[in-house]
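Before any comments, here is the structure.
Derivation of every value follows stated rules applied to the coordinates shown; laboratory data play no part. All values reported here derive from a predicted model rather than from experimental measurement. Neighbour counts are summed over all protein chains in view; Cβ atoms, including those assigned to glycine, are modelled from backbone coordinates with ideal geometry.
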């Protein structure tokens, strides 16, 4: 909205030069409806933008102008008012609100349309929505706000990634991640952006909306627009929060006494233990140890803070927005630290009434210390072992030298893994309006990334586990270039209006890296800078990767009287990764909408205030395979004739596919947008079906061919879904406003075809199932004591895992008795959002549910039936505890030798969580205006506060993993503007 | 303002990108068979790599896991964590074993066929590598020796297996099951060429030589039941070159006996 308003405003300032005698004019600018002063309003001499000023805090201005000039009063959201001076010395202006500008504008990719005229499935999120829950990653703040978009956190580590999926998985091997466009330029490092720098985000879901992005848009497009400068008074905003993160559930491992009982059971099974008289035999000198609860040594409270300062200002010709921010996160593990420094400068300048120039620049620098997750070891360490000896010194090797004490990683100069990333993301555009309704724009974006990874791990670290100390230094840089030429032509023929858009786009990426590694360096405290002193396992390397995409797009927007709307898009894309002759593909799409409320029969309906019906159909492509997938490349193998090193080159295990072509997705979408009771309740409903064919699959090949796999175009998938979003203003009073939002969606994925008629068990792909199936034996329980004979028929004993003999042939085999246990894809995702404003207080609350997905619960694997290592507190079988949960401990049988152990892992990963609660208080205007502020708000906010799931002490959002547990965050913050 | 000029300038900008060779892939960090195996120095790297797969049998645990563990030669220690390795059943691809995570079989199978594919590539492309005739003869002998050797490992371990002498150039999705006799025909043919092509000695320790090929052939003939041929060849290796049998079997494992002109045969063998 503001962007359009700025554009309108700029258009108003047409330059014609007048030269006359000058007089000083003063006056006051007010809002016509309320009579309130308009602060920061532009007062310009029409035709000479250099003569201008802005109104002060009381709406007053003073300006020297030619006596016969014309004054133009303009401000965002108001209709520009022109007043001839006519020799007057005092001119007051009362501005009318601009209804057109106030109507929400949606960015659709290379253009904008009014929200009411959107024909595709697009959701729009504005800056205010992003601020309610403070987050590290701007995408996370969208969680639950967008029907059809599945956003989950991948772990709880500092700076952990976010998984984004628009309308489910379509591709089995190629990427399913959506395309991110920041200010018109492709930019995938969305975590670099500070949420406070963002003006709006649009999510394009159906093929008709994404078609203008062609192949890149097959997985949905997220368009991010950063803040632009505003003409008028300088506005400074300061946003900060700081807080503590705590563990959001972590399952318990056995303590010393539980472990002792467990180990006795394991040895009792083998006849090695019958009574406490045998304790010495199985525990040795650990018998009287007080022991340690290992995970507690490592898990601590973390910290998170963010400070952001933004300044926006501008004159009639030049606007700018600059900001800087610093973000710091300390994870739940010591030495898991992320620092992010971020600088942004957005500048727009009007060269003349026909030429405009602008640039947006962002520099992001990360300094991150990565901790080698000690919890895996900590969970396994026998709890009778202790980390420190009687004198309080660290014991580096424990368990008779079998385990490295995970605390050794914290010793000075023993372990360091430091990652530094610098990204410069800059773009500049030049636009020309040779005619009033014709614009040409050239946009050049560059994305430079420099990374440096330095690792040093001493011998006694979790990473090296007793091997020689290792140092590694990897430097990488990548250059992404995006050049786009955009042509826009608008015209009207009576009630028919047309917008034609043509885009030519070139996108290139080049990545280079060098790496060096060596073991056994002399002095540890040189860390990876002492790599030159390493004398063993020295290895160096360099890598190069490039890809290019060349595209031509055309689009027609047709609008009949704001009643019937039609969008036609055609795009052709050429991708370098695909094979010669298959590089180019054509992606057409069409969408139409009917605004029923514009018809006479609904024009004054007391209930229905808005109704729009949309349909769309389109094709999108996916070429997201690694470069050089068409080539059979060679790999170097280490070799030597006796002591003389020699070079060997053999085939890579992946064989090239000279016929690689586009994966295409065809989506049909139908939707309704509605508003009732004067739009007190508004909502959207979409149904869609996507068919993806010629899937780019990594196909496993018979090993006898000498190759392991190849990338092929085989198979077909189908996604069907329904998405509902409803927003209601429950209470709308001057000092009490309550907004409720609910959204719900489900996507059904189905594999329709694979390379052959049969299922692909090796890859876990099954026809008729989702893209993420769990295929295994079906666990029935544990063989009980009274089932000894039945167990014997399967060569098993009471206490062993009982699985179902699916075909009833009296034996269990991998071919006939494994079935699809479940799917990792959720049945539905729902969100409830409540926004309450009561006098100066605001309260936001979000509940998020993801339901029906199965997860492979990693902690099931933390079970050592031999009791050589510690286990989780699992309910294990003993003759006295006839459980059906876990098998009998057995000192002679490892977990991997326990038949059908894998059948124990599958758990219902459904959850409902209180994702965020924020309570804020804004100082009243009367008070802050005395402090020369325009806003002062303090808040407390909690994230990931409470989770309901079927798994105890575990947050299943991250999907079953065991490292870097999820956290809960409580912060206090402040927003100040002046 | 000259509208025409602006339009022309913008059109020029548009056209500046319309270059189709932007989509040509360049891969300077990668190498392909076409660029490497077609010149003499590159072909040497193929032969070197073909040798490197012998490490899958001699340098790794897999071979003795597969052939010895699970027999009565091995006993588990007190707190053995991998007792499953002690059960022959788990290593030999039983139904339950297939569902387990053990990959010994898979890895040996895979590496043998990777090596064979490389040998096939070399043997069929040796005339295009620009080698001198003298070098070509020796390298072909080596590759034939190695191909015979890898097929021998496969067929001795698993019997009738997939067999081809054609290099894999694109994705192959099927395998054949060729009778052991047919595979032995090829082994014998390859070894005959190896015996006639290879020199008696080499300056690069580790390269296949004529006596090695003869000794291997003796072993193959013995397996085939051609005892007379086996005996003749074995005698020839012992008497015609500077080789002796070690007096004590255990001395074969003595580190001080490395690179001595004494051996019990060309290769330790799978305990079939």
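Placing a label point 7 Å from the Cα of residue A:126 along the Cα-to-Cβ line, the residues of the stretch A:182-202 whose backbone N sits under 16 Å from it are A:198-202. The shape of the stretch A:712-809 can be summarised by an equivalent ellipsoid whose semi-axes, obtained from the alpha carbon gyration tensor, come to 48, 27, 8 Å from longest to shortest. Run the simple label-point estimate for residue A:930 and residue A:642 please: 7 Å along Cα→C-beta, distance reported in nm. Label at residue A:930, label at residue A:642, 9.5 nm between them.
Quick one: order B:244, A:380, A:227 by neighbouring beta-carbon count within 10 Å, fewest to most. Display every interim value, and only then the final one.
Numbers: B:244 11, A:380 18, A:227 22.
With the fewest neighbours first, B:244, A:380, A:227 line up as B:244, A:380, A:227.
Rg and Dmax over the alpha-carbon atoms of the stretch A:102-229 stand at 14.0, 44 Å. Structural descriptor for the stretch A:102-229: relative contact order 28 percent, calculated from alpha carbon pairs under 8 angstrom and at least 6 residues apart.
As a rough footprinting exposure proxy, the listed residues A:349, B:162 were ranked by other beta carbons within 10 Å of their own, and the order from fewest upward is A:349, B:162.
Across all directions, the average projected area of the convex hull around the alpha carbons of the stretch B:106-220 is 7.7 nm². Using R0 = 45 Å, the C-beta based FRET efficiency linking residue A:300 and residue B:27 works out to 0.45.
Is any residue of the stretch A:366-407 close enough, with backbone N under 18 Å, to a label point placed 7 angstrom from the Cα of residue A:883 along the Cα-Cβ axis, and if so, which? Correct set: A:380, A:383. Averaging 1/r over each pair of different alpha-carbon atoms in the stretch A:186-315 and inverting the result gives 21.8 Å, the Kirkwood hydrodynamic radius. Legend: calculated FRET efficiency, residue A:465 to residue A:756, from the Cβ-Cβ distance at R0 = 41 Å, rounded to 0.05, equals 0.45. The DSSP beta bridges internal to the protein assembly as shown are antiparallel in roughly 95% of cases.
Building the convex hull from the alpha-carbon atoms of the stretch A:672-751 and averaging its projection over directions returns 8.2 nm². I'd like the orientation of helix A:2-12 relative to chain A: the angle between its Cα long axis and the longest Cα principal axis, in ° from 0 to 90, rounded to 10. Between helix and principal axis, roughly 30 degrees.
With bins 5 Å wide beginning at 0, the percent of Cα pairs of the stretch A:543-686 falling in each bin runs 2, 8, 12, 12, 10, 9, 8, 8, 7, 6, 5, 4, 3, 2, 2, 1, 1, 0, 0.
Here the Debye sum runs over all C-alpha atoms of the stretch A:63-127 as equal scatterers in vacuum, and log10 of I(q)/I(0) at q = 0.16, 0.19, 0.21 Å⁻¹ comes out as -0.67, -0.78, -0.87. For a modelled paramagnetic label at residue A:685, 7 Å from Cα along Cα-to-Cβ, the residues of the stretch A:591-605 in reach, with backbone nitrogen under 18 Å, are A:593-597. Separation of the stretch B:17-74 from the stretch A:502-571 is 27 Å, based on Cα centroids.
Applying 1/(1 + (r/R0)^6) with r as the Cβ-Cβ distance of residue A:341 and residue A:311 and R0 = 25 angstrom yields a FRET efficiency of 0.90. Relative to the current alpha-carbon distance between residue A:365 and residue A:64, full extension at 0.36 nm per residue lengthens the span by 103.7 nm. With helices as the sole contributors, chain A gives -1500 deg cm²/dmol at 222 nm; each DSSP H run of n ≥ 4 counts as -39500 (n - 2.57), and the sum is divided by every residue.
The distance linking the stretch A:295-318 with the stretch A:445-468 is 26 Å (Cα centroid to Cα centroid, whole angstrom). Here the peptides A:202-214, B:166-178, A:365-377 are ranked by packing, the mean other Cβ count within 10 Å, and the order with the highest first is A:202-214, A:365-377, B:166-178. Annotation for residue A:537 and residue A:677: the two label points, set 7 Å from Cα along the Cα-Cβ direction, are 6.8 nm apart. Projected over every direction and averaged, the convex hull enclosing the alpha-carbon atoms of chain A yields 48.3 nm².
Measuring nothing but how far apart in sequence close Cα pairs (under 8 Å, 6+ apart) lie, relative to its length, the stretch A:747-899 scores a relative contact order of 19 percent. The label-point distance for residue B:73 and residue B:200, in a model that sets each label 7 Å from Cα toward Cβ, rounds to 3.4 nm.
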